[in-house]
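Visitor: Got a structure for you, questions after.
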Amino acid sequence: MPRPMTITEKLLAAHAGLDEVVPGQLIECALDLVLANDVTAPIAIREFRRIGVDAVFDPGKIALVPDHYTPNKDIKSAEQAKIVREFAREFGISHYYEIGCMGVEHALLPEQGVVGPGDVIIGADSHTCTYGALGAFATGVGSTDAAAGMATGTAWFKVPSSIRFEITGELRPWVGGKDIILHIIGMIGVDGALYQSMEFTGETIERLGMDDRFTICNMAIEAGGKSGIIAFDETTRAYVEGRAERPWTVYASDPDAEYARVIRIDASEIEPTVAFPHLPSNTRPVREARHVEVDQVVIGSCTNGRIEDLRIAAGILKGRKVDPRVRLIVIPATQAIWKQAMHEGLFDVFVDAGGAVSTPTCGPCLGGHMGILAAGERALATTNRNFVGRMGDPTSEVYLASPAVAAATAVAGHIALPEDLA
Amino acid sequence: MRFEGTAHRYGRDVDTDVIIPARYLNTSDPAELAKHCMEDIDAGFVAKVKSGDIIVADENFGCGSSREHAPIAIKHAGVDVVIASSFARIFYRNAINTGLPIMESPEAARGIKDGDRVAVDADTGTITDLTTGEVYTAQPFPPFVKAIIERGGLIESVKDKVGT
């Protein structure tokens, strides 16, 4: 009998062809998918060509998503996107997503069934950890690791130890996945899970829908985590059935698996939370942030640009107006989400309120385009990072919160709770 | 590998957005990236850094985005080695893969001051603050990682593996 293992250890052992692994062990894993985007793929492609192989390991197991500076924001970005497009054509990459079918990568690949439960995935983008919500091991790497992965179909890993978060109890009104993960990052810090896997468990997590689960795993990296993971259950099954393009495998942690830490959280104590500049760990309850006036509100990104996020925001904005001093930018994360939101009438709500709706792009989240901040300006965003200069000028500020708080803030003109609105 | 240079000292959680802001990520040209290295944390860095200099920082250096542009910008700005109390994991991999020497030593990170002359012997892990005379020892790399570094980065290792 192998030793009792966590879900992460089991996934890695299976992909390394081993019966068991222990934290700290260096292993080589077979990869189910290698991902890169228009910022990271050009360097990956340059390094791939240096290797000198004449084919990728499997053209069906590479995803190239031009989402950061697309639709091309300037000539240099257009050149970068062109490198990716031409490489995709040359090597027959089937999961290449052109404008018109693209989306923010970490919303797009689960939606399209390209990633699934039991997969081991590397992506040249730090938020690759999002796919852990499906019960997969997914981690961000750099371009060179992606290049090696595209050539060999393998990557080396140091098996991470795991932190188990046990979250139980009822969530308060307007508290969702974003508040849970901000609360956790505020609790353990931006390197609180450095080199570790964050395993989210408990009845509160089990009751969450997939969109909230993606949000939670998406921000594992903001605590320094190598990966975030939520075990497969009926909610996962309902999501992947009819979607997954490959058969999936279900793994679960053994009851007596070893954890580096177990952190128990009472969900009823989590308040709507906002992260102040300039770290995601700099969290405070929203009720203590009402004095902060904002110039811009962004609802979107791989963290909170999914349909549930847009529904929540629209529910608050319906029949209300965005404060005239605030620019509201709504960015559905994929074409399918965009279309769904349009059919549900959410665009009428956003536009009638005085907001702008964009085609899918990472855009302002990383200070790329579509909503850059001037010196001294302040934004509240449903995105994932609030580092210095993240959304524009180095003296601008980003506050991170949920779609509910973002919508209320857009109406109030300052950071607000939905219940603050008249 | 031995290095000697002037230390440029930073605090904790130096993220890859301040190492190379995203507004410059529309290119992957190393020389272009180097011109903007550390711009949003230390606007004068590129003007003052000299070839062979050393960056010293506290915990979690390189946190945030996976952009390999960060170690590339640091290396091409002239920095030979980064010493930190700890590194964010993606940056750690990227530095190894791209051949930017990094050393983990909380003691050295605490002791070395901005402007100190520092000598580093990457083979033994010895870090000497020539200004104060203090000597520190960095955590050794696991042999597997050391093999990648000695081969000159991940791509060279992969070439051996695939036989190109």
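The values are calculated or read from the model by the stated rules, or taken from the named source; none is laboratory data. For clarity, every value in this text was computed on a predicted model and none was experimentally measured. Using ideal geometry, Cβ is built from the backbone for each residue, glycine included, and neighbour counts are taken over all protein chains shown.
Visitor: Hey, among the residues in region A:229-247 that are of a type outside the set (Phe, Trp, Tyr) and not in a loop (DSSP other than H, G, I, E, B), which one's nearest to the other protein chains (Cβ to nearest Cβ)?
Guide: So, considering only residues that are of a type outside the set (Phe, Trp, Tyr) and not in a loop (DSSP other than H, G, I, E, B), the one nearest to the other protein chains (Cβ to nearest Cβ) is A:Ile229.
Visitor: Condition check: assigned to a strand (DSSP E or B) and either surrounded by 24 or more Cβ atoms within 10 Å (Cβ to Cβ) or facing another protein chain (nearest Cβ under 10 Å) (or both). Does A:Leu35 satisfy that?
Guide: Yes.
Visitor: Could I ask something else about it? Of the residues B:Val14, B:Val18, which is within 26 Å of A:His369 (Cβ to Cβ), among the hydrophobic types (A, V, I, L, M, F, W, C), facing chain A (nearest Cβ under 9 Å) and surrounded by 20 or more Cβ atoms within 10 Å (Cβ to Cβ)?
Guide: Exactly one of B:Val14, B:Val18 is within 26 Å of A:His369 (Cβ to Cβ), among the hydrophobic types (A, V, I, L, M, F, W, C), facing chain A (nearest Cβ under 9 Å) and surrounded by 20 or more Cβ atoms within 10 Å (Cβ to Cβ), namely B:Val18.
Visitor: Which one of these is under 19 Å from A:Gly228 (Cα atoms) and out of contact with any Pro (no Cβ under 7 Å at 6 or more places or on another chain): A:Arg290, A:Arg264, A:Arg243, A:Arg284?
Guide: A:Arg264
Visitor: Same structure again: Tell me whether region B:74-87 contains one or more residues that are touching a Pro at 6+ places or on another chain (Cβ under 9 Å), part of a loop (DSSP other than H, G, I, E, B), within 14 Å of another protein chain (Cβ to nearest Cβ) and without any contact (Cβ under 8 Å) to a residue 60 or more places away in the chain.
Guide: Among the residues of region B:74-87, at least one is touching a Pro at 6+ places or on another chain (Cβ under 9 Å), part of a loop (DSSP other than H, G, I, E, B), within 14 Å of another protein chain (Cβ to nearest Cβ) and without any contact (Cβ under 8 Å) to a residue 60 or more places away in the chain, which makes the answer yes.
Visitor: Which count do you get for residues in region A:41-53 that are more than 9 Å from chain B (Cβ to nearest Cβ) and either in contact (Cβ under 8 Å) with a residue 12 or more places away in the chain or over 16 Å from A:Ala88 (Cβ atoms) (or both)?
Guide: Looking only at that region, the number is 2.
Visitor: Report, by residue number, each residue of region A:170-228 that is in a strand (DSSP E or B) and either without any contact (Cβ under 8 Å) to a residue 60 or more places away in the chain or within 14 Å of chain B (Cβ to nearest Cβ) (or both).
Guide: Selection gives A:Ser197, A:Met198, A:Phe200, A:Thr201, A:Ser227, A:Gly228.
Visitor: From the list B:Arg93, B:Arg117, B:Arg23, which residue is more than 28 Å from A:Pro42 (Cα to Cα) and more than 11 Å from the chain's Cα centre (by Cα)?
Guide: B:Arg117
Visitor: Which residues, counting only those in region B:31-61, are surrounded by 15 or more Cβ atoms within 10 Å (Cβ to Cβ) and either assigned to a helix (DSSP H, G or I) or facing another protein chain (nearest Cβ under 9 Å) (or both)?
Guide: Result: B:Glu32, B:Leu33, B:Ala34, B:Glu39, B:Asp40, B:Ile41, B:Phe45, B:Val46, B:Glu59, B:Asn60.
One line per residue, one yes/no per condition, for (1) in contact with a Cys (Cβ under 8 Å, 6 or more places away or on another chain); (2) not acidic (Asp, Glu):
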position: B:Arg2; (1), (2): no, yes
position: B:His8; (1), (2): no, yes
position: B:Asp13; (1), (2): yes, no
position: B:Asp17; (1), (2): no, no
position: B:Leu33; (1), (2): no, yes
position: B:Phe45; (1), (2): yes, yes
position: B:Lys48; (1), (2): no, yes
position: B:Asp53; (1), (2): no, no
position: B:Phe61; (1), (2): no, yes
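Visitor: I've got another one for you. Restricting to region A:203-229, count the residues that are within 11 Å of the chain's Cα centre (by Cα) and farther than 30 Å from B:Phe61 by Cα.
Guide: The qualifying residues number 1.
Visitor: Is there a residue in region A:106-123 that is within 24 Å of B:Tyr24 (Cα to Cα), in contact (Cβ under 8 Å) with a residue 60 or more places away in the chain and crowded, with 23+ Cβ neighbours inside 10 Å?
Guide: Checked against the condition, which is being within 24 Å of B:Tyr24 (Cα to Cα), in contact (Cβ under 8 Å) with a residue 60 or more places away in the chain and crowded, with 23+ Cβ neighbours inside 10 Å, region A:106-123 yields at least one hit.
Visitor: Could you list all residues from region A:276-294 that are touching a Leu at 6+ places or on another chain (Cβ under 6 Å) and among the hydrophobic types (A, V, I, L, M, F, W, C)?
Guide: A:Val286, A:Val294 - these are the residues of region A:276-294 that are touching a Leu at 6+ places or on another chain (Cβ under 6 Å) and among the hydrophobic types (A, V, I, L, M, F, W, C).
Visitor: Continuing with the same structure: Would you point out the residue of region A:374-422, among those that are in a strand (DSSP E or B) and over 22 Å from the mean Cα position of the chain (by Cα), that is nearest to A:Lys318 (Cα to Cα)?
Guide: Among those residues, the one meeting the criterion is A:His414.
Visitor: Continuing with this model, one more query. Any residue at all in region A:1-21 that is at pLDDT below 95 and among the aliphatic types (A, V, I, L, M)?
Guide: Taking every residue of region A:1-21 in turn, at least one turns out to be at pLDDT below 95 and among the aliphatic types (A, V, I, L, M).
Visitor: Considering only region A:123-157, state which residues are outside any helix (DSSP H, G or I) and facing chain B (nearest Cβ under 10 Å).
Guide: A:Gly123, A:Ala124, A:Asp125, A:Thr139, A:Gly140, A:Val141, A:Gly142, A:Thr154, A:Ala155, A:Trp156, A:Phe157
Visitor: Specify which of the listed residues (B:Ala122, B:Ala108) is modelled with pLDDT of 95 or more, surrounded by 15 or more Cβ atoms within 10 Å (Cβ to Cβ) and either in contact with a strand residue (DSSP E or B) (Cβ under 7 Å, 6 or more places away or on another chain) or at negative phi (or both).
Guide: After applying the criteria, what remains is B:Ala108.
Visitor: Select, from A:Ala146, A:Ala138, A:Ala155, A:Ala193, the only residue that is surrounded by fewer than 24 Cβ atoms within 10 Å (Cβ to Cβ), closer than 30 Å to B:Glu104 by Cβ and in contact with a strand residue (DSSP E or B) (Cβ under 8 Å, 6 or more places away or on another chain).
Guide: A:Ala155
Visitor: Here is a further query. Please determine whether any residue of region B:72-89 is out of contact with any helix residue (DSSP H, G or I) (no Cβ under 6 Å at 6 or more places or on another chain), of a type in the set (Phe, Trp, Tyr) and buried (at least 22 other Cβ atoms within 10 Å of the Cβ).
Guide: There is at least one residue in region B:72-89 that is out of contact with any helix residue (DSSP H, G or I) (no Cβ under 6 Å at 6 or more places or on another chain), of a type in the set (Phe, Trp, Tyr) and buried (at least 22 other Cβ atoms within 10 Å of the Cβ).
Visitor: Identify the residue in region B:90-105 that is surrounded by fewer than 24 Cβ atoms within 10 Å (Cβ to Cβ) and part of a helix (DSSP H, G or I) and, among all such residues, is nearest to the other protein chains (Cβ to nearest Cβ).
Guide: Result: B:Thr98.
Visitor: Ok, one more. Would you be able to tell me the number of residues in region A:346-365 that are part of a loop (DSSP other than H, G, I, E, B) and in contact with a helix residue (DSSP H, G or I) (Cβ under 8 Å, 6 or more places away or on another chain)?
Guide: Residues in region A:346-365 being part of a loop (DSSP other than H, G, I, E, B) and in contact with a helix residue (DSSP H, G or I) (Cβ under 8 Å, 6 or more places away or on another chain): 4 in total.
Visitor: Shifting gears a bit: Has region A:55-77 got at least one residue that is under 21 Å from B:Glu68 (Cα atoms), surrounded by fewer than 15 Cβ atoms within 10 Å (Cβ to Cβ) and more than 10 Å from chain B (Cβ to nearest Cβ)?
Guide: No, because not a single residue in region A:55-77 is under 21 Å from B:Glu68 (Cα atoms), surrounded by fewer than 15 Cβ atoms within 10 Å (Cβ to Cβ) and more than 10 Å from chain B (Cβ to nearest Cβ).
Visitor: Scanning region A:292-346 for residues that are over 19 Å from A:Gly413 (Cα atoms) and charged (D, E, K, R), which turns out surrounded by the fewest Cβ atoms within 10 Å (Cβ to Cβ)?
Guide: Selected residue: A:Lys339.
Visitor: Which condition number does A:Thr334 fail, the rest of (1) under 18 Å from the mean Cα position of the chain (by Cα); (2) under 23 Å from A:Asn386 (Cβ atoms); (3) more than 14 Å from chain B (Cβ to nearest Cβ) being met?
Guide: (2)
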